[in-house]
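Each remark here refers to the structure printed beneath this line.
FYI, it's all coordinate maths here, none of it is from the lab. Nothing here was measured: the structure is a model prediction, and the numbers come from that model. Positions of Cβ are backbone-derived with ideal geometry, glycine not excepted, and every protein chain shown enters the neighbour counts.
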Amino acid sequence: MVELRLTNTRTRGKEPFCPIDPANVRLYLCGPTVYDRAHLGNARPVVVIDVLVRLLRHVYGADHVTYVRNFTDVDDKINATALARQQEGAPGSLEDLIRQRTEETIGWYHADMDALGAARPDHEPRATDYIPQMIAMIQTLIDGGHAYVRDGHALFRVRSYADYGKLSGRSVDDMIAGARVEVAPFKEDPMDFVLWKPSDAELPGWDSPWGRGRPGWHIECSAMSLELLGESFDIHAGGIDLQFPHHENEIAQSCCAHPHGEFARVWLHNEMLQVEGKKMSKSLGNFFTVRDLLDQGIPGEVIRFVLLSTHYRKPMDWTAEKAREAEAVLRKWRGLTVGTDPAPSPSAAVIAALADDLNTAGAIAALHDLAGKGDGAGLLASARLLGLLGEDLGGWAQAPDLSAWAARLDDLRAAAKASKDFSAVDALKAALLSAGAEVRMGPAGVELVPGPDFDAAKLPQ
């Protein structure tokens, strides 16, 4: 069996992956808060973990891996949108309007992640469907002295968990000194965090032993992962921005509520994303959603390729040039594999790269080697392990319609025969060749055929 090695944030080292039960490998990825479109940074962990799940299923068997990714569908931004719609006269209760908004945004999310070739998880729990489980866990924490109730709030007592801060590598006192923490009169300690908070008439709420209210963010993932994966499971993943406080808080409350369990054995965190060398920001005008890119005509497969071209533990820089290069590579590879059946198994080099801490950049280098050798069958089988060259993502690479350019060149050629000045013909021909089109001119007319390096963006205007 292939030995997988993963960098575990908890232990700060790359270590062999040893599942708790090889017949039931379990993984949890923190999913989106569904208040709007997913931006490109949201897509990175989805694509990375999609490759990991593909690899795990290759190694342990398709039926022996359980993948969970949640939806946070109770949030102040969702509430604000629903309330605004209600004030504008939209029919239905606030809860109805919140549900409508989350159904809308979950639909967007599914469409966008589908376009990137990310397979849907085995379970996609919504926070609002697990309120009883959250209430039960909070009560367990209160009964154990790890949580307390003040002014309708239930709060986790951070100093009751001796290992708090080990994931992020900081002590509680250092965190208080160096971090911005919410100072509230109902807190015993500034680091204590909310498990349950009260709701007024304009906010969604559920009945609880502490009054009508709604859950805090952190308790959601703990309750849902417990219900679907158990007290101990193999991998918990998410962006590095979730390491603290979200994941740190998850560990504390889960381990205190179920001290005999491990919670998550391996913690996997991907680094952040930049755009053209700068942090993605609306103020810089470089903030865009996955849908923005798709609407610009950038194929989902191209976006996926770019996301996988950088190792998940390194900051990734999205650039227009990378997208153009990825499109050219994928177009060439798809041309090489037309009419080819995939090999029985991915290449050993690709598997080895992925098994070494999910080295997708190394795996792509191995794909280039296969393409260079003309091994279409091996390339196809191996690329599909990364979610590339699948039939479902290939529509964009179909031959583009170049008839208008062919007609334009033919007209210029006819005019040149009369004037004996072929400079315009030569200029257009050179531009088309530069874009990767093959130019065939004969007595019957002009034919343009996109070559393996064809790039529509390079066509002359």
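Put a plus charge on the Cβ of each Lys and Arg, a minus charge on the Cβ of each Asp and Glu, and nothing anywhere else: the dipole of the chain about its Cα centre is then about 1080 debye.
Annotation: extensible slack from residue 272 through residue 120 equals 52.5 nm (criterion: 0.36 nm per residue apart, minus Cα-Cα distance).
Would the stretch 370-411 count as rounded, prolate or oblate if I go by the C-alpha gyration tensor, calling it rounded below 1.5 in a/c and otherwise prolate when a/b exceeds b/c, oblate otherwise? Oblate.
Placing a label point 7 Å from the Cα of residue 287 along the Cα-to-Cβ direction, the residues of the stretch 24-59 whose backbone N falls under 16 Å from that point are 33-43. Ordered by the number of other Cβ atoms lying within 10 Å of each residue's own Cβ, fewest first, 440, 157 fall into the sequence 440, 157.
The slack between residue 384 and residue 96, meaning 0.36 nm per residue of separation minus the straight C-alpha distance, is 99.6 nm. The long axis of helix 94-115 is offset from the longest Cα principal axis of the chain by roughly 40 degrees. A Förster distance of 25 Å, applied to the separation of the beta-carbon atoms of residue 401 and residue 423, puts the FRET efficiency at 0.40. What is the ratio of the Cα radius of gyration of the stretch 5-270 to 2.2 N^0.38 Å, with N the residue count, to two decimals? After normalising by residue count via 2.2 N^0.38 Å, the value is 1.02.
Treating cross-link reach as a plain straight distance, find the aspartates and glutamates whose alpha-carbon is under 18 Å from the alpha-carbon of residue 373, omitting any fewer than eight places away in the same chain. Correct list for residue 373: 341, 453.
Dividing the helix sum by the residues of the chain, where each DSSP H run of 4 or more adds -39500 (n - 2.57), gives a mean residue ellipticity at 222 nm of -13000 deg cm²/dmol. For the chain, the equivalent ellipsoid built from the Cα gyration tensor has semi-axes of 50, 27, 18 Å, listed from largest to smallest. Shown here: the stretch 274-397, whose C-alpha atoms stretch 49, 32, 21 Å along the first, second and third principal axes, sorted largest to smallest. Sorted fewest first by neighbouring Cβ atoms within 10 angstrom, 313, 26, 44 come out as 313, 44, 26. Listed from fewest to most Cβ neighbours within 10 Å, the set 186, 156, 17 follows the order 186, 17, 156. Calculate the spin-label point distance for residue 391 paired with residue 324, positioning each point 7 Å from the Cα along the beta-carbon direction, and give it in nanometres. With each label point 7 Å from Cα toward Cβ, the separation is 3.4 nm. DSSP finds beta bridges in the stretch 1-101, and of those with both partners inside it, around 40 percent are antiparallel. Taking Cα atoms, how many degrees apart are the long axis of helix 360-372 and the longest axis of the chain, rounded to 10 and kept between 0 and 90? With both axes taken from Cα atoms, the answer is about 20 degrees.
Its Cα gyration tensor gives the stretch 403-458 an equivalent ellipsoid; the semi-axes, largest first and in whole Å, are 20, 12, 8.
Annotation for residue 348 and residue 444: the two label points, set 7 Å from Cα along the Cα-Cβ direction, are 4.8 nm apart.
Quotient of the Cα radius of gyration of the stretch 352-461 and 2.2 N^0.38 Å, N being its number of residues: 1.49. Computed over the chain, relative contact order equals 16 percent, with contacts defined as Cα pairs under 8 Å that lie 6+ residues apart. Distance between the pseudo-spin-label points of residue 83 and residue 338 (7 Å out from Cα toward the beta carbon): 5.8 nm.
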